[in-house]
Amino acid sequence: MTSLLGKSTLYDMLACIIPGYLLLQLAKLLFAPNITLNIDNVSIAIGVFTLSYLTGLLLKWLMENILNGFLRNTPNRIRRAYDKSNCIFEKKDLPDKEEDLMQKYYIAYYKALKGNMNSSIPTLEAQIAFLRSILPVIFLYLATSYWWSVKIEHVYYLFIFITIIILIGCIALIWHLQDKLHQLVWEDAYYAELIDKSITPTNNP
């Protein structure tokens, strides 16, 4: 469990620090291209690390709110993930009402985490958080590339093309990982319940 929490914390930090640092680098390219900092200086390194983390936290919060209805937990996708699962052999009818469905899913989520069935859940969550945070950074690099990129025409257009492909790829990957996460939650909760039933002592008459 300690190892799992350690991994989760590390992934969460990376999901904030990397996008935050890249955004700070872009700000430097746009507004202070001639300033050079000696990163070996401990004070500067700590300052950059802290500022990157805080910027990343802000980005993470913004994207969670912006994408609340998209690339997030939606009833239709949660229901589809349950139906698509090949590992749940005794499928039950899910509630029709959205609120009841979401409640059932969150119960399954916490049951899966409590049972510590699969360390992939926090890893997937961290990967999704990282990709969501990196999306606006990639978009800003793309939108401002005319002002800071190499002024060689074919290199510039190649950069634009590659960046657009990466942007589309990140969106597709978030969608895929979110579906995978939903499915994993249902499956882990299902087997956690089976294990609980199998180890629960029965009272002999």
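The values are calculated or read from the model by the stated rules, or taken from the named source; none is laboratory data. Here the structure is a predicted model, which is why all the values come from computation and not from measurement. So basically every Cβ, Gly included, is an ideal-geometry build from the backbone, and we count neighbours across all protein chains shown.
Data table
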{"item": "Of all residues making up the stretch 49-97, the number that are among the hydrophobic types (A, V, I, L, M, F, W, C), under 14 Å from TRP186 (Cβ atoms) and surrounded by 13 or more Cβ atoms within 10 Å (Cβ to Cβ)", "result": "4"}
{"item": "Residue within the stretch 145-161 that is at pLDDT 85 or above, closer than 28 Å to LEU14 by Cβ and loosely packed, with under 11 Cβ neighbours inside 10 Å present", "result": "yes"}
